[in-house]
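Written out below as structure tokens is the structure these notes cover.
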């Protein structure tokens with residue numbers, strides 16, 4: 001194996017980003033199953049290494065500490081995981097994480113604010129969404145949308161779509177020849193984002 005192949009062997013096949021409620025974990029798990037590769041959710045990595053839930057980390061240690069741990073978990077997953085990686089919704093807030101995502105195939109699972117609010121509801125496992133879910137989601141989307149756009153190599157909309165169709169679109173992006181993926185991205189860039 002030459003050094004370039006060796007470096008790519010440890011690279012994830014796919015990284016999913018998007019807002020809470022976009023479906024990163026659900027879609028990621030199903031895409032990984034379809035492709036026969038492992039799946040990892042960086043929030044679960046953080047919980048495992050911390051022996052605390054994400055909510056407990058936020059409440060007990062604060063958001064800055066959670067973000068520090070998240071940055072480390074993302075770096076580790078990008079360095080060692082070869083399958084599908086789902087990042088927490090706020091992971092793109094880190095400039096270091098955005099830089100680390102540059103060489104990877106990153107799909108932004110885009111979701112409308114109303115659809116995300118319906119999906120997450122009053123989920124207490126999402127500490128940033130406690131209180132007025134719609135207002136908080138709107139603020140998060142306004143802040144993070146430019147960052148999702150910055151890091152993604154393709155966009156798959158998940159709003160008002162069947163899960164199987166979203167999965168099929170993501171699988172197609174992963175299995176398409178490189179020239180087709182680049183062409184698809186050109187079409188996405190000209191779409192109303």
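Laboratory data are not the source of any read-out in this text; all were calculated from the coordinates shown. If you're wondering where the values come from, they're calculated on a predicted model, not measured in any experiment. For neighbour counting, all protein chains shown are included, and Cβ atoms are generated from backbone atoms with ideal geometry for every residue, glycine included.
Provide the FRET efficiency to the nearest 0.05 for the residue 165-residue 143 pair, computing r from the beta carbons and using R0 = 22 Å. Efficiency, from the Cβ-Cβ distance: 0.20. Residues 157, 165, arranged from fewest to most other Cβ atoms within 10 angstrom of their Cβ, appear as 165, 157.
Rounded is the label for segment 23-124, because a/c, from the alpha-carbon gyration tensor with a ≥ b ≥ c as root eigenvalues, stays below 1.5. Cβ crowding within 10 Å, taken as a proxy for footprinting-reagent exposure, orders 164, 11 from fewest neighbours to most as 164, 11.
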